[in-house]
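Report on the structure given below.
The values are calculated or read from the model by the stated rules, or taken from the named source; none is laboratory data. A quick note: this is a predicted structure, and the numbers were derived from the prediction, not measured. Cβ coordinates were reconstructed from backbone atoms using ideal geometry, including for glycine residues, and neighbour counts include every protein chain displayed.
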Amino acid sequence: MVRQKRIWSHVLVSGDRRSIVPQYYYLKYIPKADRARVVGNLERLIGQLDREVPDKDSEQTLLLATWNIRNFGKVRRLPESLMYIAEILSRFDFVAVQEVVDLDDWRAVMDRLGPDYDFIASDKTHHKLGSGGERLLYLYDKRKVRFQNIAGEIVLPTDMLITDDTAGEGGELFQGKQFRRSPFITAFQSGWFKFDICTVHLFYGSSSGSKLQQRVQEIDRVADYFGDRAEQAQKEGRSLILLGDFNIVHPDHETMTALKRHGFRIPNALNRPSNLDLSKYYDQIAFMTDDDTLSFIDRQTDDPKKANAGIFEIFKSVFRDGDTLEYEGELRKKAGGKDKQGAALTKYYKGNWRTYQLSDHKPMWVRIKSNAAASYLAGLKAD
């Protein structure tokens, strides 16, 4: 596991709410020829976030998100992309991040976030398991969230190993596998809200056959293993949160059934696709918690600023559909864009290149009530 500490930042004071902002002085390192365009993009992104994501507050709620950032650290991102990623991340108190391959770019994002943020990362799963050398990590605002010094990765016992052939005569396993990428479990607290959290990036494999069944088994095993602690968590007043990239196809598919059969519940507000073409339900945030927590998340409103769950559209303000020519020079540096013209170049930009600047997944988030003082005091009075 890796923990990282930052050095300094500047702070904005807005009313009685102290809020961190990303380190905009890094914009000085953007070439002058591009700086006005990048600043304009950033201003547009800030405006979108201001309209579509609730404000962070200091005492009442926790803004928790999950985001698979495609091959982060494995491919070269433009300096402006790191600014956009930092801006999006800064709007949440806690983010589970998947597909982090190298920590150098991640530390650059942390520099842009400032000292009030910290992170804890898993080790890389061994490449022989087919992990691609990825890490999972948690980013958190230290002013809102406390790491409770518990962290680990799931290692399956023999009778839960993932296998293509589930059992032979007498029920013995023919062959067994651990997860391709080990799920990462930690314990945190925000205000009164205590939670054990497990983030995943589960095996995709194929859309049918034995590799699909391996994906189903990975989902089943992590939900079974993590959900097994529900009784103890309830006694301790803790919630269980299982989130990340499950590669779930749709709500009625066996991939979703494998997640729900062990008691995890998904807020109705998140029952929608999170990939770019709105065809798959890969990313999920599932809970074992009290009914009040889920009811709060699912509260209906037409005002995005008052919503308690959502999916953020990452290409509405930056790397927009019509911006192909703005990045033509960068596109020409890649084998996929070198010889393309017109519609073919635009297709490459939209469907491939820009997903390696931001991602091919959208951030999914919930807002959780973290101040239970009133109900606690009422209970004491009733006793």
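Structure summary
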{"read-out": "The range 333-378: number of residues that are over 26 Å from L49 (Cβ atoms) and in the same structural domain as G310 (by TED's automatic domain parsing)", "value": "7"}
{"read-out": "Selected residue [outside the structural domain of W106 (by TED's automatic domain parsing) and of a type outside the set (D, E)] from T301, T289, T257, T324", "value": "T324"}
{"read-out": "Per-region count, the range 93-114, residues without any contact (Cβ under 8 Å) to a residue 60 or more places away in the chain and assigned to a loop (DSSP other than H, G, I, E, B)", "value": "2"}
{"read-out": "Of all residues making up the range 100-129, the number that are out of contact with any Gly (no Cβ under 8 Å at 6 or more places or on another chain) and closer than 14 Å to S359 by Cβ", "value": "1"}
{"read-out": "Scope the range 260-299; condition aliphatic (A, V, I, L, M), over 23 Å from R354 (Cα atoms) and part of a loop (DSSP other than H, G, I, E, B); matching residues", "value": "I266"}
{"read-out": "Members of the range 25-58 found to be of a type in the set (V, I, T), under 28 Å from R143 (Cβ atoms) and in contact with a Leu (Cβ under 7 Å, 6 or more places away or on another chain), listed by number", "value": "V39"}
{"read-out": "Sole exception among (1) in a loop (DSSP other than H, G, I, E, B); (2) crowded, with 22+ Cβ neighbours inside 10 Å for L242, by number", "value": "(1)"}
{"read-out": "Candidate set: the range 67-92, residues that are among the β-branched types (V, I, T) and in a helix (DSSP H, G or I); chosen: the one surrounded by the most Cβ atoms within 10 Å (Cβ to Cβ)", "value": "I85"}
{"read-out": "Test: F315 is aromatic (F, W, Y) and crowded, with 19+ Cβ neighbours inside 10 Å", "value": "no"}
